[in-house]
Amino acid sequence: MEFIIHLVNTWYMPYAEELTLVLLVCTLLLMICALFAVRRCRRQIRELTEKTKEMTKLALSQSSRNAQREKTRTRMIAESEENGLSAAAQKNEEVFGSVIQEIFP
């Protein structure tokens, strides 16, 4: 116990003000570092949110295009069935047309 009292008397008491000042400065520096880290994280979150919005818009536009394409396809199949062409005949006609287009550009 006397050793601790002696240590306090020789180290802490003469330099109490300086030690307190050092602790305050260290605390201030740590707070500044924390503020910079929070600022960087907020910027990254903002950029990520913008990218997510862009990807959502892209996905929605692709799904609407796919839905429109499917509607067009079903309408064409219905029209071809009304005209008396079966789905297989229409597919053969499409293949034949694409072959002709490749032969005669």
Once you have the Cα-Cα distance between VAL25 and VAL38, take 0.36 nm times their residue separation minus that, and quote the gain in nm to one decimal. 2.7 nm
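Can you give the local net charge around GLN62? Use residues other than it whose beta-carbon is closer than 13 angstrom to its beta-carbon, Lys and Arg +1, Asp and Glu -1.
Details: positive: LYS57, ARG65, ARG69; negative: GLU54, GLU70.
The answer is +1.
Bear in mind that the values in this text are calculations on the coordinates, not laboratory data. On a predicted model such as this, the values are computed, not experimentally measured, just so you know. Please note: Cβ atoms are built from the backbone with ideal geometry, for glycine as well, and neighbour counts cover all protein chains shown.
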